Amino acid sequence: MSREDILALFARRSAAWSAHDAHALATLHALHGTVASPTGGVLEGRAEIERIYGMWLSAFPDMIHKVEELVIDNNRVVELAHVTGTHSGEFFGVQPTGRRVSVATAFVMTIEDGEILHERRILDFTGVLVQVGVLKAKPV
């Protein structure tokens, strides 16, 4: 896949994030692709991948996924992004708190045949739980 093809794939990914479209996001993954996620464990297949996209988008319906940098090396891509949103829907059994969440993320991906074959998501999930009020943190 050329660099231009990968950039086009990530333009579609950005558009799907902006549209809050879990199905469109999942269709960018290979049919039997995998995602390793701190919020979902190891997800196998588009249906499971779509479920986790949907969970985040329903918990934070105003979510903004802002890509800060794409690093492309052949078929490997690292997407550094910043995610913000308001906890307005159930999130891991926690009722909406109305609190804002802001978290830096890194997505490490392998691209094959124009699709995301494997994705590893790196984010401070504990920090997200503190921000929505599920966990308490000691002041520094």
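The values are calculated or read from the model by the stated rules, or taken from the named source; none is laboratory data. Note that the structure is predicted; figures quoted are calculated from it, not measured. We place every Cβ from the backbone using ideal geometry, glycine too, and count neighbours over all the protein chains shown.
For the reader, a short list of remarks on this structure follows.
- Filter result (assigned to a helix (DSSP H, G or I) and in contact with a helix residue (DSSP H, G or I) (Cβ under 7 Å, 6 or more places away or on another chain)) within the stretch 28-60: ARG46, ILE49, GLU50, TYR53, GLY54, LEU57
- VAL78 vs. criteria under 13 Å from ARG121 (Cβ atoms), loosely packed, with under 14 Cβ neighbours inside 10 Å, modelled with pLDDT of 95 or more and more than 11 Å from the chain's Cα centre (by Cα): no
- Check on GLY54, of a type outside the set (Asp, Glu) and surrounded by 16 or more Cβ atoms within 10 Å (Cβ to Cβ): yes
- With respect to the stated conditions, THR86 is of a type in the set (Ser, Thr, Tyr), closer than 18 Å to ALA104 by Cα and surrounded by fewer than 20 Cβ atoms within 10 Å (Cβ to Cβ).
- Residues within the stretch 1-47 that are charged (D, E, K, R), more than 13 Å from the chain's Cα centre (by Cα) and surrounded by 15 or more Cβ atoms within 10 Å (Cβ to Cβ), tallied: 1
- Considering the conditions (1) exposed (fewer than 14 other Cβ atoms within 10 Å of the Cβ); (2) closer than 22 Å to ASP5 by Cβ, GLY93 is excluded by exactly one of them, (2).
- Those residues of the stretch 110-134 which are surrounded by 15 or more Cβ atoms within 10 Å (Cβ to Cβ) and either within 12 Å of the chain's Cα centre (by Cα) or among the hydroxyl-bearing types (Ser, Thr, Tyr) (or both), in sequence order: THR110, GLU119, ARG120, ARG121, ILE122, LEU123
- Of the residues making up the stretch 12-20, not a single one is closer than 15 Å to VAL128 by Cα, in a loop (DSSP other than H, G, I, E, B), of a type in the set (Gly, Ala, Ser) and at pLDDT 95 or above.
- Count of residues meeting criterion [within 30 Å of ARG76 (Cα to Cα) and touching a Lys or Arg at 6+ places or on another chain (Cβ under 7 Å)] in the stretch 110-140: 1
- Checked across the stretch 51-73, the condition of being in contact with a Phe, Trp or Tyr (Cβ under 8 Å, 6 or more places away or on another chain) and basic (Lys, Arg) holds for no residue.
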